[in-house]
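Structure, as structure tokens:
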């Protein structure tokens with residue numbers, strides 16, 4: 001269990017500053033995950049990009065397209081179709097990212113959603 005990376009990992013455990021640096025370096029879309037996890041209004045998140053790893057999300061979520069393109073919702077074949085069904089799915093917030101796989105799905109202003117967080121390559125919307 002002790003390896004070459006051990007001294008760095010120990011710093012992360014005992015130093016808040018090092019832990020924050022490690023999170024920024026290793027967790028994609030960290031600002032969005034922090035917002036979603038800490039906000040009590042967030043009940044269920046719709047993740048539009050198939051490349052987003054929800055392991056960092058502590059809330060219920062729906063991801064209409066799996067990492068390899070598999071469809072996870074009956075009758076829904078695109079992320080925007082899932083967005084249209086957000087109320088029926090019980091979604092309170094949407095995570096939209098600009099990734100290597102796809103650009104932002106929500107372009108411009110859109111009825112039914114309100115932008116509540118925008119950071120580099122990541123946006124969180126509230127379902128109205």
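Figures for the structure shown
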quantity	calculated
Where residue 46 falls short, out of the listed (1) closer than 24 Å to residue 103 by Cβ; (2) at pLDDT below 90; (3) in contact with a helix residue (DSSP H, G or I) (Cβ under 9 Å, 6 or more places away or on another chain)	(2)
Residue, surrounded by the fewest Cβ atoms within 10 Å (Cβ to Cβ), within region 89-117, restricted to residues that are over 20 Å from residue 73 (Cβ atoms) and touching a strand residue (DSSP E or B) at 6+ places or on another chain (Cβ under 8 Å)	114
Given (1) within 10 Å of the chain's Cα centre (by Cα); (2) surrounded by 13 or more Cβ atoms within 10 Å (Cβ to Cβ), index of the condition residue 86 fails	(1)
Of the criteria (1) touching a helix residue (DSSP H, G or I) at 6+ places or on another chain (Cβ under 6 Å); (2) at pLDDT 90 or above, which one residue 82 fails	(1)
Qualifying residue in region 103-111 (condition: at pLDDT below 95 and touching a helix residue (DSSP H, G or I) at 6+ places or on another chain (Cβ under 7 Å))	yes
Residues of region 49-71 classified as modelled with pLDDT of 95 or more and surrounded by fewer than 17 Cβ atoms within 10 Å (Cβ to Cβ), total	3
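The values are calculated or read from the model by the stated rules, or taken from the named source; none is laboratory data. Since the model is a prediction, treat every value here as computed from it, not as a measurement. Cβ coordinates were reconstructed from backbone atoms using ideal geometry, including for glycine residues, and neighbour counts include every protein chain displayed.
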